[in-house]
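Each reported figure results from applying straightforward, stated rules to the coordinates on display, with no laboratory input. All figures in this text were calculated on a predicted structure; none of them were measured in a lab. Virtual Cβ from ideal backbone geometry, glycine too; neighbours counted across all protein chains shown.
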């Protein structure tokens, strides 16, 4: 928010590293500077390489083995993938649920968040109060959200069945594998919309009011002003929101895990990965293969996001 | 300028009210907006209010009348029960053992990395920046399996971990938090430091300040607002974490509070009112942090997003 006016001019000094000058600069650092740099830059870089990148690469490697943590690692080629795609039933349920998750976050939660942001940007009284309320679910742990969901959706005592007057024919919102994913998605929307709202509110505040005034003078109505003038200037925010939404949808884990450990209609790819290593089932190779499928889905978005960053940095 | 609902008239209205824009008289369209927002806001609060309400009522009562009924008895009984029989002080302490060092190390490492990437002409610094930023975007489940395997095989002295391996130790959980979250903070702080004029560190260098002093005495004080924002955000995220402790720990009494919440669930019978009281207690610290430091919280998120 505060940084946006400055960022435009900031990269300028960075863009002038002439070959000769660079050498001079490096030499400028004294004998004491190099050890400090090596240690304090080295530790986080090594930590990141070892725990994030090496493990990601290891997941890819392990996914072609039948490793179970005890016996020797045995290469099995594509067998894990073959089994996942053909005989491992929870997989397709999980894929469907992850897609639903993405669809609902993208088509319901995100527009809702944008809508809240637009309404709250209208110089409203108590706008802070409304903002806090809409944003509040975001700070709650997803595990807590999962538990609160059980109070509302409980078959016998839940609020929802009482409100719908279904005391005699209660609906088992979380137990019925046909509908429980939708019940959980409501909770996910509840949490995601506030996040999106905050991002858009910051973006809307940064929009030059002169743009809107000009549009109004040109006779644009409010809808036209928003969709033709304001929304296009929010492009950087839009990209972030898309990336965050996709990543949230792929990472979704805690809510379903808190509700029923992600079984009975609430399978997600992330849950299947952990289910294959936590507890008795120590199918590391198999779990890794599911993780690699998850990685393959998200990597495209990660790259798209990074190219966007680099492009903006060059400007 | 906010021209509401009717656009052609909006121009005239806006001009007339230019001196005090904030105090518009209530027009019907505004009224509708306020009513709408208030209704939605109440709906948004409802789940949490319901949890608080349920936690104040005995199980027998809600079992008989359902959660959607008038109260007969209200008490804080379940809070005491969750606090003592759920062993919550211990789990809160575990959370702090993990969260405080993690947040401190994340901010320290991330600020130094961001400083050196933005001020020192290190070869390949763009690659390093991308490595940090991209690492934070990967799904954590991709790291879970090898991490779990590696942790069970890395020995630790007993005074660091009673399990004698990195698995089931606080150190292991802290390490992955630091590695994972540093990526996000490096990215945010790098962008923030780009806005600080390079002349400042250059002048300090001319005056003979070492690299460490340029970082500690010149850049870090100017980065304080961003650090405050990130500290708030990171504390909440690490506090709320569920996955890492679940996968990388096994002893029940080492678990952080969010993962330990499951302990309140009985083996054969779950008292949801007790669970509600536990949930409220677990949510309380993050809600307090949020309401007390809302400004930092929001600016932390938008710092990461606005320049992206």
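The table for this structure:
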{"quantity": "For region A:70-137, projected area of the alpha-carbon convex hull averaged over all directions, nm²", "calculated": "8.4 nm²"}
{"quantity": "B:129, B:233 arranged by Cβ crowding within 10 Å, fewest neighbours leading", "calculated": "B:129, B:233"}
{"quantity": "Top of B:28, B:225, B:285 by mean-square fluctuation, Gaussian network on chain B, Cα under 10 Å", "calculated": "B:28"}
{"quantity": "Gyration tensor verdict on chain A (Cα atoms; rounded if a/c is under 1.5, prolate if a/b is larger than b/c, oblate otherwise)", "calculated": "oblate"}
{"quantity": "FRET efficiency estimate (nearest 0.05) - Cβ-Cβ, residue B:294 to residue B:93, R0 25 angstrom", "calculated": "0.40"}
{"quantity": "Inter-label distance for residue A:168 and residue A:155, nm, one decimal - labels placed 7 Å from Cα along Cα-to-Cβ", "calculated": "1.9 nm"}
{"quantity": "Gaussian network model of chain A, Cα within-10 Å springs - most flexible of A:258, A:117, A:50", "calculated": "A:50"}
{"quantity": "Rough spin-label spacing in nm, given labels placed 7 Å along Cα→Cβ, for residue A:128 and residue B:39", "calculated": "2.8 nm"}
{"quantity": "Pairwise label distance in nanometres, residue B:32 with residue B:270, each label 7 Å out on the Cα-Cβ vector", "calculated": "4.3 nm"}
{"quantity": "Candidates B:66, B:135, B:228: whichever shows maximal mean-square fluctuation once chain B is modelled as a Gaussian network with Cα springs under 10 Å", "calculated": "B:66"}
{"quantity": "Residues of region B:163-195 with amide N under 16 Å of a point placed 7 Å along Cα→Cβ from residue B:154", "calculated": "B:163-182"}
{"quantity": "Relative compactness, region B:26-78, computed as alpha-carbon Rg over 2.2 N^0.38 Å", "calculated": "1.63"}
{"quantity": "Stokes-Einstein D in µm²/s, Kirkwood radius over Cα pairs - chain B at 37 °C with 0.692 mPa s viscosity", "calculated": "140 µm²/s"}
{"quantity": "At R0 = 25 Å, FRET efficiency that the Cβ-Cβ distance of residue A:72 and residue A:306 yields, to 0.05", "calculated": "0.10"}
{"quantity": "Burial ordering of B:279, A:282, B:55, B:116, fewest other beta-carbon atoms within 10 Å first", "calculated": "A:282, B:116, B:55, B:279"}
{"quantity": "Theoretical ellipticity at 222 nm over the protein assembly as shown - DSSP helices of four or more residues, -39500 (n - 2.57) apiece, nearest 500", "calculated": "-21000 deg cm²/dmol"}
{"quantity": "Shape category assigned to the protein assembly as shown from the gyration tensor of Cα positions, a/c cut at 1.5", "calculated": "oblate"}
{"quantity": "Global geometry of region A:161-315, whether rounded, prolate or oblate, following the gyration tensor of its Cα atoms and the 1.5 cut on a/c", "calculated": "oblate"}
{"quantity": "Ascending count of other beta-carbon atoms within 10 Å, so fewest first, for A:64, B:132", "calculated": "A:64, B:132"}
